[in-house]
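The values are calculated or read from the model by the stated rules, or taken from the named source; none is laboratory data. Small disclaimer: the values here were computed from a predicted structure and weren't measured. Because the Cβ atoms are built from the backbone with ideal geometry, glycine has one as well, and the counts that use them run over all protein chains shown. To get the accessible areas, we keep the full protein, side chains included, count just its heavy atoms, and leave off ligands, DNA and RNA. Shrake-Rupley method; radii C 1.70, N 1.55, O 1.52, S 1.80 Å.
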Amino acid sequence: MSGRIFPTAQDAENAFYEALEHADLEAMMAVWAEDEEIVCVHPAGLRLTGPEQVRESFRQMFASGANMRIHISQRVTVSGMMVAVHSVHENITPAGETRPRPPIVATNVYLRSAAGWRMIVHHASPAPGPAADPPGTAPKILH
């Protein structure tokens, strides 16, 4: 993998989304920890573990040639000395489109090591749509 060092978890996250926007597999894998226990879940996808499965999933995604712009919003960060957890909304606009698709909610977990901060978990899911019932509406059937 890359010898690139990320001094902060935010630096690693910035590199992750830059690699995703540019479909750069080597830059993407440089963000991930070199550990068999890394985990990646793409929206509506299976849980992938280990560098081989994670690399192959991004290789397939990037092979489609679909470039995109990604705007991160609603970031919530919890940081400690060795671990950082970022919860974000990924607002993705595919190439050739002017409006972003519905947001993806992602949780990114970073681990501090001798090689700087590295991603160990990326879990992304479609954001839920608007609630069917307005808030405060009592359920019609109780079980």
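Worth a mention:
Condition check ((1) open to solvent by 50 Å² or more (accessible area, probe 1.4 Å); (2) within 24 Å of Arg69 (Cα to Cα)) across all residues:
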residue	(1), (2)
Ile5	yes, no
Gln10	yes, yes
Asn14	yes, yes
Ala23	no, yes
Met28	no, yes
Trp32	no, yes
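- Residue match in the stretch 88-110 (condition: more than 16 Å from the chain's Cα centre (by Cα), modelled with pLDDT of 95 or more and not small (Gly, Ala, Ser)): no
- Qualifying residue in the stretch 53-66 (condition: surrounded by 14 or more Cβ atoms within 10 Å (Cβ to Cβ), in contact with an Asp or Glu (Cβ under 9 Å, 6 or more places away or on another chain) and within 15 Å of Ile120 (Cα to Cα)): no
- Matching residues, the stretch 11-36, being closer than 15 Å to Tyr110 by Cβ and free of Cβ contacts under 8 Å to residues at least 12 places away in the same chain: Asn14
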